[in-house]
Amino acid sequence: MDPEIQKMREVVLVYLDRSGGLQKFVHDCKKYNDSKQSYAVYRFIISFNPSDIAELDATLGNYILHNPLQAAQIFQSVCFVAIKTLSLIEQLQTEAQISILLKPTHLPPLPSYVLSLSAYPFNYTSQRFYMSEGIVIAMGTVTKYTQGARFLCTEETCPFSEGRFRCIRVHCPGATESATVRTDFVCSLCSSPLQEDMKFRVLGDKQIVEMIDAKILNALKGYSIDKSHFRIQAFTLFLRDELANKMTIGNHYRIIGIPACVQNGLQATACIEVNSVQLYKPNGPAFVSDNFKYLLSLTSSSCWRFTAVLANIFASQVVPPGTYNTLKLAILLSLVQTCEKENADYLDLLIMTSDTLVIDRLLNYSLCLLPRGIRHPPSSDIFPSVSKDKHGTGSASIQACSAVLAKGGICYIGDLSSYKKDKLELLQSVLESRTTTVFIPGKKYGEEADQQVTVSVQTNFWSFVDVDSSSKKHIQKENFLIGQMDVSLIPVNLVDGFGLLIYNEFPSCRLSSPVVHHILKKAMNPEAMLYKVSQQFRTQDYEEFILFARNLHVELSSEAESLIQGYYLASRRARRDSIHGSTLSASALKILISLAKAHAKLSLRQTVLEEDAVIAVLLLESSLTLKHGTSALCVAPNPVFPFDLNDESSLQQRDIYLMQCHHQLLKFIAAYSPGIHINTNEE
């Protein structure tokens with residue numbers, strides 16, 4: 001025996017003893033021994049810390065990291081000796097029956113251990129451990145594979161025809177099912193055909209997953225600041241046994257595994273046999289730029305000024321400062337209300353506009369401020385679809401889509417009036433439940449029964465309706481209420497599904513002079529910085545600001561909660577008729593809370609104040625007025641930005657106006673919801 005191999009066996013035994021791995025191994029053996037059943041293969045998982053092993057013996061540490069399949073054989077022999085010495089499994093006969101899966105806790109943080117999925121060449125020939133990361137874009141259903149099988153020689157006089165475990169086939173990383181089980185194996189002793197002893201076949205779970213480099217998100221944005229070119233290629237992961245169903249479609253993961261090449265007929269597919277899976281959650285910035293800090297200190301005298309200035313100067317690369325302020329504020333509020341939690345506060349936007357080009361540019365620009373801002377291409381599906389697995393298994397594979405890839409971000413679906421009725425109905429269902437169901441017919445995909453898979457949709461949706469084109473497609477109603485817009489082209493329940501309905505300030509028939517000048521100057525020089533604020537508050541500054549703000553954890557103050565509940569109850573009573581009941585949807589309360597929390601985040605506060613609730617009420621009331629007409633509260637057409645913000649005096653004037661709105665709101669609550677107690681400031 002090679003003395004170096006013998007030394008490594010001794011080190012393995014010492015490491016297992018010190019790390020607690022030996023105790024876990026004995027516990028796993030007890031489970032097999034208690035079952036009193038003979039298996040062709042006994043599978044053991046051994047987790048190890050590369051740093052600890054390298055510190056104990058550098059040669060063994062290097063050998064495990066760079067030759068994991070051969071290193072598993074060393075662990076196999078050590079475990080076999082331990083089983084026989086301690087009589088751990090009575091049914092075990094040969095060393096070949098032991099299958100060892102090595103699982104590193106991590107890999108050295110060095111470039112040589114990172115497998116880049118967008119770099120060329122894709123190094124799948126060296127069967128060693130690599131770390132990689134990416135986003136899951138497709139998931140197959142869980143199927144069975146053969147972990148191991150016993151074969152007997154068909155020649156009766158051959159010693160290998162007896163009932164001992166002499167001919168064992170065990171699955172290896174990257175191997176297909178035919179490499180483990182097929183009918184053309186021959187006896188190594190007499191060259192007679194081998195026949196599988198079916199009662200000893202050991203099955204395990206297998207799931208095929210498609211993953212792609214996270215750079216794909218940059219390619220799916222409608223507008224990108226990064227002009228670099230890169231190659232993107234999806235790759236296949238094999239999740240086996242305890243790792244099956246450990247991934248969720250649309251999530252970002254870090255994996256450790258062994259690359260391999262799977263041959264399927266004439267086609268070769270690069271894949272990774274996964275050993276460990278870890279959900280990847282990038283940390284947001286721990287700061288905002290100095291210019292934002294200075295702006296916050298300048299506007300600290302009022303809870304409304306900071307967000308007003310933010311909206312006023314936002315996206316100056318696309319539209320002039322001071323234009324589309326209500327829409328820009330709504331965009332900023334929606335951006336900071338993005339996260340990957342199950343019960344998140346969502347804020348969807350539906351914009352009624354005639355300026356589709358300007359609005360489209362503004363929304364595209366805003367998408368890029370988030371890591372997951374997806375512009376939905378009309379040729380693909382918004383929600384998950386099912387197709388046949390391309391690896392020859394015939395099983396179903398659920399394909400990701402724009403809404404799933406935008407998890408924790410924004411899905412911009414363009415002009416809503418361009419979608420057919422069935423798509424709009426599905427969108428309405430998703431807006432209401434934040435889930436979508438994928439139906440998998442069992443007969444088509446080789447399953448005994450049909451399946452229904454529920455996929456979570458955790459994203460904000462943005463869309464617009466071109467009022468000019470929509471007015472040509474249908475006959476407009478005549479009996480409008482004061483302030484109401486004609487949105488009859490879109491189903492009423494779908495319009496209610498969006499958190500905010502916004503009508504932009506400048507119809508195309510009378511575009512403001514600053515917007516026209518901006519468009520012409522940008523057309524002549526697209527890279528020009530037309531305004532000083534574009535240099536002071538760069539796009540990168542807004543990216544950092546939004547990532548910081550959206551990670552803030554905010555809580556409702558009792559005053560804000562009372563004001564929101566009071567308005568909600570009062571509005572339900574005020575917006576009621578004898579035929580249809582209240583026109584205020586049940587989701588309005590959630591939208592109010594989401595708006596108030598978003599305004600607090602945008603103000604870099606962790607407590608939702610009454611001032612935040614006032615902005616939330618004005619935005620929602622304006623949206624309700626567009627949908628159903630004005631109510632007894634009777635807000636102005638543009639209640640959050642009633643006039644231009646040119647200097648400090650205009651900000652002061654706006655503060656006075658908003659305080660009047662607050663007072664008017666308290667009167668409205670007192671009149672229509674007298675049972676709600678709200679503390680009012682006598683001053």
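The values are calculated or read from the model by the stated rules, or taken from the named source; none is laboratory data. In this text, all values refer to a predicted model and were calculated from it rather than measured experimentally. FYI the Cβ positions are ideal-geometry reconstructions off the backbone, even for glycines, and counts take in every protein chain you see. Accessible surface areas use protein heavy atoms only, side chains included; no ligands, DNA or RNA. Shrake-Rupley method; radii C 1.70, N 1.55, O 1.52, S 1.80 Å.
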If you roll a 1.4 Å probe over the heavy atoms of the protein chains, what accessible area per residue do you get for the stretch 1-106, in Å²? 51 Å²
Among (i) 1.71; (ii) 1.06; (iii) 1.21, find the value of Cα Rg over 2.2 N^0.38 Å that was calculated from the structure presented, and write down its label. (iii)
Along its principal axes, what span do the Cα atoms of the stretch 337-391 show, with the longest given first and each in whole Å? 46, 30, 20
Peptides 138-149, 187-198, 305-316, 610-621 ordered by average Cβ neighbours within 10 Å, highest first: 610-621, 305-316, 138-149, 187-198
Over 28 Å between Cα atoms, which of LYS144/LYS443; LYS522/LYS590; LYS281/LYS423; LYS215/LYS341; LYS221/LYS420; LYS144/LYS420 qualify? LYS522/LYS590; LYS281/LYS423; LYS144/LYS420
So for the stretch 527-683, what percent of the C-alpha to C-alpha distances run longer than 20 Å? 57 percent
Could you give me D for the stretch 54-148, from Stokes-Einstein at 25 °C and 0.890 mPa s, where the hydrodynamic radius is the Kirkwood radius over C-alpha pairs? Units µm² s⁻¹, please. 149 µm²/s
Based on the alpha-carbon gyration tensor of the stretch 518-570, what equivalent-ellipsoid semi-axes (square roots of 5 times the eigenvalues) come out, in whole Å, largest first? 40, 17, 8
Mind ordering 559-566, 532-539 by average Cβ neighbours within 10 Å, highest first? 559-566, 532-539
Using mean Cβ contacts within 10 Å as the protection proxy, how do 352-364, 515-527 order, highest first? 352-364, 515-527
Based on the alpha-carbon set only, what is the convex hull volume of the stretch 1-106 divided per residue, in Å³? 94 Å³
How high is the FRET efficiency from GLN73 to GLN93, r the C-beta distance, R0 30 Å, rounded to 0.05? 0.95
Skipping prolines and chain starts, which residues have an amide H placed within reach, meaning under 5 Å, of the one on LEU645, given they are 5 or more residues away or on another chain? none
Cubic angstrom per residue, convex hull over Cα atoms of the stretch 297-387: 152 Å³
Where both residues lie in the chain, what percent of DSSP beta bridges are antiparallel, nearest 5? 65 percent
The chain - percent relative contact order, Cα under 8 Å, separation 6 or more: 11 percent
Expressed in nm², what is the orientationally averaged projection area of the convex hull enclosing the Cα positions of the stretch 581-629? 3.5 nm²
Which FRET efficiency value, to the nearest 0.05, do you get for LEU357 and MET659 by plugging their Cβ-Cβ distance into 1/(1 + (r/R0)^6) with R0 = 25 Å? 0.10
Placing unit charges on C-beta atoms (Lys and Arg positive, Asp and Glu negative, everything else neutral), compute the dipole magnitude of the chain about its Cα centre in debye, rounded to 20. 740 debye
Long-range amide H partners of VAL186, meaning residues 5 or more apart or on another chain whose placed amide H is closer than 5 Å, are LEU194
Can you list the residues, at least 5 places off or on another chain, whose amide H is less than 5 Å from the amide H of ASN275, using H built in the peptide plane? ILE256, GLY257, ILE258
Karplus 3J(HN,Hα) series, Hz, for the stretch 616-625 with 6.51 cos²θ - 1.76 cosθ + 1.60 (x for Gly, Pro): 4, 5, 5, 5, 5, 5, 4, 5, 5, 5
